[in-house]
Amino acid sequence: MSDRYIDFANSSLGHRLVAALGLPSPVRLERWPAGRLRPVEGALLLGGGALTAKVQAFAQKLTDATYTYGAEASTWIPGHGPKLKAVVFDASDLQHTDQLKQLREFFQPLLKNLDNSAHLVILGRAPETLSDPFAASAQRALEGFSRSLAKELRNGGVLQLLYVGEGAEDQLEGALRFFLSPKSAYISGQVIRLEACATPVEDWTRPLAGRKALVTGAARGIGASIAETLARDGADVILLDVPQAKADLEALAARLGARTVVLDICAEDAATQLVEHLPDGLDILVHNAGITRDKTLANMTPEYWDAVLAVNLNAPQVLTQALLDSGTLHDNARVVLLASISGIAGNRGQTNYAASKAGLIGLAQAWAPLLKARGISINAVAPGFIETQMTAHIPFALREAGRRMSSLGQGGLPQDVAEAVAWLGQPGSGAVSGQALRVCGQSLLGA
Ligand SMILES: NC(=O)c1ccc[n+]([C@@H]2O[C@H](COP(=O)([O-])OP(=O)(O)OC[C@H]3O[C@@H](n4cnc5c(N)ncnc54)[C@H](O)[C@@H]3O)[C@@H](O)[C@H]2O)c1
């Protein structure tokens, strides 16, 4: 569904009117077009501590214009250098309160020199891994700083904090290829922890080549976009949906050269059937199928409650367990569960839905350490307001509120969620496990 307000706010008349009335003026976000190769098209500014050298080592693969602050010819001078498309600041060395001023000193001069849809990343060390309480406190301070600065960015700018574990420095390239590029256009104010991971990406133009991927609920909406994106990145995709969606499913499969599985994931024999359909095993499992049956708890029928919990939570649990037990899910597999920010913040009229989505986040957290020995990662992706048939059914006023109440002032697109799932599906993304990645434009809900 299109967002007519963004069209209006970006027209010449609308732009003037919106500014005059002091209304929100969301910009059109830059997204990753098919066939693009460079993660950053424009200037990348690097600064800060020792991890900067690690980033410098592969920076020429991100962009051909890398800068550091300074007065020499090759360095970047505020007001004189080009507008910045991407910024990385390594704050992992900050150990005392008085060192935190480096954040202000680094970021303040560049804020008025950011290009549209700029991507900023701060690197740190996870506070819980540090024995010095003052250092842990300084590193935790990065969280408040980065979430706040993300809210101050304009013109589609986004910012994340990456806590880099000891030994996880090699995972920076994969993470920065995602977080500095338009693939993460609708993610902002997030904190992600990277750990060591033994499986590298071989070919960045087709990072999922040779990987078999199953997407549930793939006939439309976010699921269809996930299937397209995984196929774009080289995966051999298998699309699953209910019998009622067979025509749409087969049309998409024909376009992608994919296989289909027509199955209700809540059927009594769904696990057995699924294992039979996957004799060659699976490397990427995406539990995307989901439903809403909204009512306040006072009016919630048992049927509404049961249906949502069965599709959204019980089926992913039962099916993943069966795929693990049968050996269908390969070592080093990537599992992604589609949660929701409702599962983090709660939402009026969604006790059933929010319980199911919070349950998925809990499932990822609980399973991650158990699956680590096999190299399997499991994460939740929590979308905010995404423009799909699901959100098109929301009453107008609530829909408008859902769209505007975020730092980016607009809803996301299915592609935004799909890019996050595709990134978590990469071999190198074993560096991330047991986490919930919000794709919500830094929604104010539960922020
Ligand atoms: N759209 C949003 O704003 C939003 C926000 C947060 C989370 N999500 C989550 O993202 C996922 C996809 O959302 P969407 O907006 O694309 O939804 P959608 O309703 O457009 O698509 C869901 C798909 O799941 C399939 N499905 C439902 N029940 C099934 C079953 N029992 N067996 C097999 N397939 C089944 C449907 O047929 C449909 O094709 C869902 O899990 C949803 O909860 C969406």
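Structural remarks
- Only residues that are among the polar types (S, T, N, Q), farther than 15 Å from L94 by Cβ and open to solvent by 10 Å² or more (accessible area, probe 1.4 Å) were counted across region 135-163, and they come to 2.
- Residues that are touching a helix residue (DSSP H, G or I) at 6+ places or on another chain (Cβ under 8 Å) and open to solvent by less than 20 Å² (accessible area, probe 1.4 Å) within region 334-352 comprise R334, V335, V336, L337, L338, A339, S340, S342, G343, Q350, N352, listed in sequence order.
- Among residues of region 231-273, those that are crowded, with 19+ Cβ neighbours inside 10 Å and touching a residue at least 60 places away in the same chain (Cβ under 8 Å), counted: 2
- Among the criteria (1) touching a Leu at 6+ places or on another chain (Cβ under 6 Å); (2) among the acidic types (D, E); (3) modelled with pLDDT under 95, the one D90 does not fulfil is (3).
- Residue check, A219 in contact with a strand residue (DSSP E or B) (Cβ under 6 Å, 6 or more places away or on another chain), in the same structural domain as P383 (by TED's automatic domain parsing), more than 12 Å from the ligand (Cβ to nearest atom) and within 20 Å of V417 (Cα to Cα): no
- Listed conditions (1) buried (at least 17 other Cβ atoms within 10 Å of the Cβ); (2) within 14 Å of the ligand (Cβ to nearest atom); (3) over 22 Å from the mean Cα position of the chain (by Cα); (4) not aliphatic (A, V, I, L, M) are all met by N312, apart from (3).
- Evaluating K85 against the criteria (1) open to solvent by 30 Å² or more (accessible area, probe 1.4 Å); (2) part of a strand (DSSP E or B) leaves one unmet condition, (1).
- Selected residue (criterion: nearest to the ligand (Cβ to nearest atom)) from residues of region 287-309 that are over 16 Å from P383 (Cβ atoms) and β-branched (V, I, T): V308
A quick yes/no check of all residues on (1) among the basic types (K, R); (2) at pLDDT 95 or above; (3) out of contact with any helix residue (DSSP H, G or I) (no Cβ under 6 Å at 6 or more places or on another chain):
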{"site": "L159", "(1), (2), (3)": "no, yes, no"}
{"site": "Y163", "(1), (2), (3)": "no, yes, yes"}
{"site": "E166", "(1), (2), (3)": "no, no, yes"}
{"site": "E169", "(1), (2), (3)": "no, yes, no"}
{"site": "G174", "(1), (2), (3)": "no, yes, no"}
{"site": "R177", "(1), (2), (3)": "yes, yes, yes"}
{"site": "S181", "(1), (2), (3)": "no, yes, yes"}
{"site": "S184", "(1), (2), (3)": "no, yes, no"}
{"site": "G189", "(1), (2), (3)": "no, yes, no"}
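The values are calculated or read from the model by the stated rules, or taken from the named source; none is laboratory data. Computed from a predicted model, the values in this text were never measured in an experiment. Neighbour counts are summed over all protein chains in view; Cβ atoms, including those assigned to glycine, are modelled from backbone coordinates with ideal geometry. Note: accessible area is taken over every heavy atom of the protein model, side chains too, but ligands, DNA and RNA are not part of it. Shrake-Rupley method; radii C 1.70, N 1.55, O 1.52, S 1.80 Å.
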